[in-house]
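*Asks:* Just passing along the structure, written as structure tokens.
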Amino acid sequence: MSLPIELNDMAPEFKETVKERVPGANFDLCLTCGTCTAGCPASEIFEMDPRKLLRMLVLGLDEEIRKTHWAWVCTMCARCVKACPMAVDIPRLVYNIRASWPREKRPKGILGSCDQHIRAGNAMGVPTEDFIWTVEDVAEEIRTHQPQFAGMQVTVDRKGAYMAINQNSREPVTEPDELGPLWKILHLVGADWTYPSVMWAGENYCLFLADDQGWRYILEEFVDHVDNTLKCPMVVNTE
Amino acid sequence: MYAQWIREGKLPVNSDWNKDLKIKFTVQDPCNMVRKSLGQSMADDLRFVAKSIVGEENFIDMVPSGINNYCCGGGGGALQAGYTDARRAYGKVKFNQIQATGANYVFAPCHNCHAQIEDIGHHYGGHYNVVHIWTMMCLSMGILGENERTYLGDDLKALGLGKEVQP
């Protein structure tokens, strides 16, 4: 049996909460055209899609929307909002659904990586001195075995370098040989660069965890080190 | 920056190594780098770099691509979120796109995309390899060391070893 929707009974409190945080999200402008859903690779997973998620929000199905695990399957790739004729900001809705979960209930893998990053400066939790040792060891190996790069400089915390480069921590930690090709390219073009030792890793899992305080802390520590200690005018996050 | 350095003549890349081999390449446009920040000009630069390294005729784009590209399904923490089946179902769209190009290699200039595209390749039985740009760039300049070839297939494992570059 179908039932009419009782508009007077709807209390979309969660929608109001998210709107306060994302004033330009345009949730009430949705035309239900489905362009978002047609172009979303996560449509149908867990019987959810962007259009359905937005209907739930607008109809005040607050409990259901907060519970959906789909919020962790959507990658916030933003294809939907770029295609949307009314620019309804579904990625920021998803971010705020994630943020509405109690921190300890959020996916363990993301949570662990975020906590490691806050503690150690990288999501793998590797001590900074190990990172520096690896960098120096791989560089020495290249200088020794590849004679045309005998003069290649690789530095950490060199003050006044033009570029501060940060790189995904899995590269130095699990596949250090992958560092060399980039360094050789930088050497050939004569780039003036250094690795910062503070928050040196390029990833930020706290952002994926929707931990506002966490990702801001990581960024602020990094920016403070690059701006005030190293005084590098440019930051480069690698491929 | 790679594109700028190639245009300025600072990187002697060329695609001669692939003239006869005709190994096909495609590129993944990372959402964060293309759609969400630097836009279509970044996607265009990516293609300029890729074509400079592997040859215009050996580059095949995915459809759609650039700012309208599909996410690989590895972003937003998905690789660490624990919903493996859902992540792979998401990635099926990307896998089909790659298969349709017929490419032997996928450039993935983002660590997350790299890991996800490798994983869906293994999971769905694809035969492509996933590479960083820096790997192929160094290969094309004859300066890729023997220990820097983890992501190359057997067809390229030994290519150019022993050659020296004259900068």
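The values are calculated or read from the model by the stated rules, or taken from the named source; none is laboratory data. The structure displayed is predicted, hence computed values, not measured ones. Cβ sites come from the backbone with ideal geometry, for glycine too, and all protein chains shown count toward neighbours.
*Asks:* Within the set of pairs 6 or more residues apart or between chains, which connect a residue that is not assigned by TED's automatic domain parsing to the domain that holds A:D137 inside segment A:171-186 to a residue that is at pLDDT below 95 with Cβ atoms less than 7 Å apart?
*Replies:* No pair meets every condition.
*Asks:* Kindly check whether there is at least one residue in segment A:110-124 that is surrounded by fewer than 16 Cβ atoms within 10 Å (Cβ to Cβ), touching a helix residue (DSSP H, G or I) at 6+ places or on another chain (Cβ under 7 Å), at pLDDT below 95 and closer than 30 Å to A:W70 by Cα.
*Replies:* The answer is no, given that none of the residues of segment A:110-124 is surrounded by fewer than 16 Cβ atoms within 10 Å (Cβ to Cβ), touching a helix residue (DSSP H, G or I) at 6+ places or on another chain (Cβ under 7 Å), at pLDDT below 95 and closer than 30 Å to A:W70 by Cα.
*Asks:* Note down all Cβ pairs under 6 Å where the first residue falls in segment A:52-71 and is at positive phi, the second is modelled with pLDDT under 95 and assigned to a loop (DSSP other than H, G, I, E, B), and they're at least six residues apart or on different chains.
*Replies:* Taking only residues 6 or more apart or on different chains, the pairs are A:G60/A:M10; A:G60/A:A11; A:G60/A:P12.
*Asks:* In the list B:G39, B:G55, B:G74, B:G66, which residue meets the criterion of being buried (at least 20 other Cβ atoms within 10 Å of the Cβ) and closer than 26 Å to A:N237 by Cα?
*Replies:* Being buried (at least 20 other Cβ atoms within 10 Å of the Cβ) and closer than 26 Å to A:N237 by Cα holds for just one of B:G39, B:G55, B:G74, B:G66, which is B:G74.
*Asks:* In segment A:99-199, which helices (runs of 4 or more DSSP H) lie fully inside it and hold 3 or more residues that are of a type outside the set (D, E) and within 11 Å of chain B (Cβ to nearest Cβ)?
*Replies:* Correct list: A:108-120, A:128-145, A:179-188.
*Asks:* A further question follows. Can you tell me which residues in segment A:27-45 are surrounded by fewer than 16 Cβ atoms within 10 Å (Cβ to Cβ) and not hydroxyl-bearing (S, T, Y)?
*Replies:* Answer for segment A:27-45, where residues must be surrounded by fewer than 16 Cβ atoms within 10 Å (Cβ to Cβ) and not hydroxyl-bearing (S, T, Y): A:D28, A:L29, A:L31, A:C33, A:G34, A:A38, A:E44.
*Asks:* Out of (1) more than 18 Å from B:V54 (Cβ to Cβ); (2) in contact with a His (Cβ under 8 Å, 6 or more places away or on another chain), what's the single condition that is false for B:Q97?
*Replies:* (2)
*Asks:* State all residues of segment A:83-95 that are touching a Leu at 6+ places or on another chain (Cβ under 6 Å) and either facing chain B (nearest Cβ under 7 Å) or assigned to a helix (DSSP H, G or I) (or both); if no residue qualifies, say none.
*Replies:* The answer is none; no residue qualifies.
*Asks:* Among the residues of segment B:78-85, is there at least one that is within 10 Å of chain A (Cβ to nearest Cβ) and farther than 24 Å from A:C77 by Cβ?
*Replies:* Looking through segment B:78-85, none of the residues is within 10 Å of chain A (Cβ to nearest Cβ) and farther than 24 Å from A:C77 by Cβ.
*Asks:* Now, a different point. Output the number of the condition that B:C113 fails; it satisfies all remaining conditions of (1) under 21 Å from B:S52 (Cα atoms); (2) modelled with pLDDT of 95 or more; (3) surrounded by 19 or more Cβ atoms within 10 Å (Cβ to Cβ).
*Replies:* Going through the list (1) under 21 Å from B:S52 (Cα atoms); (2) modelled with pLDDT of 95 or more; (3) surrounded by 19 or more Cβ atoms within 10 Å (Cβ to Cβ), B:C113 breaks only (1).
*Asks:* Sticking with this one: Hey, could you check segment A:1-60 for residues that are touching a helix residue (DSSP H, G or I) at 6+ places or on another chain (Cβ under 9 Å) and among the β-branched types (V, I, T) and say which is nearest to A:C84 (Cα to Cα)?
*Replies:* A:T35
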